[in-house]
Amino acid sequence: MRSRRPVSRYAPSGRLSANVGRRSRGQFMDISSEQLAYWYLRLNGFLTIPNFVVHPDCGRNQETDVDVLGIRLPYRAENLHRPMKDEPRFTRVHEKSFIAIAEVKSGRCALNGPWTSPERQNMLRVFRAVGAFPKIEADLAAQSLYETGHYQSQLYYVSLMCLGREVNPDVAARYPLVPQVLWPDVLAFIYRRFSEYKNQKASHPQWDAHGTALWEVFERSRDERQFEENIRVL
């Protein structure tokens, strides 16, 4: 019989596949922080690219990578009869595409040096690679993200985003408008989405192993609290 895990379910960072197994009471899983962030953004309507590599202008060594790069289109509305309610932090952006540059941690939220050091020009490389802005505006957008963590134009709202176990006060002080999304809130959202649209989400053979495992844990959880307790974020 597998011993019961403690309620605190956060572990050091790692890139591991979902590991689903049974214990005496219900179902549990391990999931990497990057994969959980991916599913949170996906279920909020973002088209996502995990591990978006920022390649160098010359040479062989990559500059850095975006843990999850996502874009949410402005008129997103899933379910014609009962549209799904996405997180207010995303829906408050009206009539603009929301581009999220997400930095993911299993522990405290943080922004790595490549995203806070303008001399390295990695933000500009991301904008040029994505192609949302003409060259001159890409320079302005990159400068704004280094200074404030966000930028908006007539067509786009772009923001850095942190996902992790706890709020980082240094990030909050430097970038007060940058969302810091915590794992309990992520899991609560996923549980509510599955619960409120159980019939609609039940058929998903195209989902990857992580999404399928999240669903299986949801089905075996009595409530939102047990769902959270049965998932360990690595």
Residues in the range 45-58 that are more than 28 Å from K198 (Cβ to Cβ), open to solvent by less than 70 Å² (accessible area, probe 1.4 Å) and in a loop (DSSP other than H, G, I, E, B) total 1
Can you tell me which residue in the range 59-68 is most open to solvent (accessible area, probe 1.4 Å), limited to those that are closer than 27 Å to L182 by Cα and not acidic (D, E)?
T64
Of the residues that sit in the range 151-174 and are over 27 Å from P74 (Cβ atoms) and part of a strand (DSSP E or B), which one is most open to solvent (accessible area, probe 1.4 Å)?
E166
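State all residues of the range 68-96 that are of a type in the set (S, T, N, Q) and within 16 Å of the chain's Cα centre (by Cα); if no residue qualifies, say none.
Quick first cut of the range 68-96, residues of a type in the set (S, T, N, Q) only: 79, 91.
T91 - this is the single residue of the range 68-96 that is of a type in the set (S, T, N, Q) and within 16 Å of the chain's Cα centre (by Cα).
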Counted residues in the range 118-146 being surrounded by fewer than 16 Cβ atoms within 10 Å (Cβ to Cβ), over 22 Å from the mean Cα position of the chain (by Cα) and outside any helix (DSSP H, G or I) come to 1
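The values are calculated or read from the model by the stated rules, or taken from the named source; none is laboratory data. Note that the coordinates shown come from a computational prediction; the quantities given were computed from them, not determined experimentally. Here Cβ is always computed from backbone atoms with ideal geometry, including for glycine, and neighbour counts include all displayed protein chains. Please note that ligands, DNA and RNA were not included when accessible areas were found on the heavy atoms of the full protein model with its side chains. Shrake-Rupley method; radii C 1.70, N 1.55, O 1.52, S 1.80 Å.
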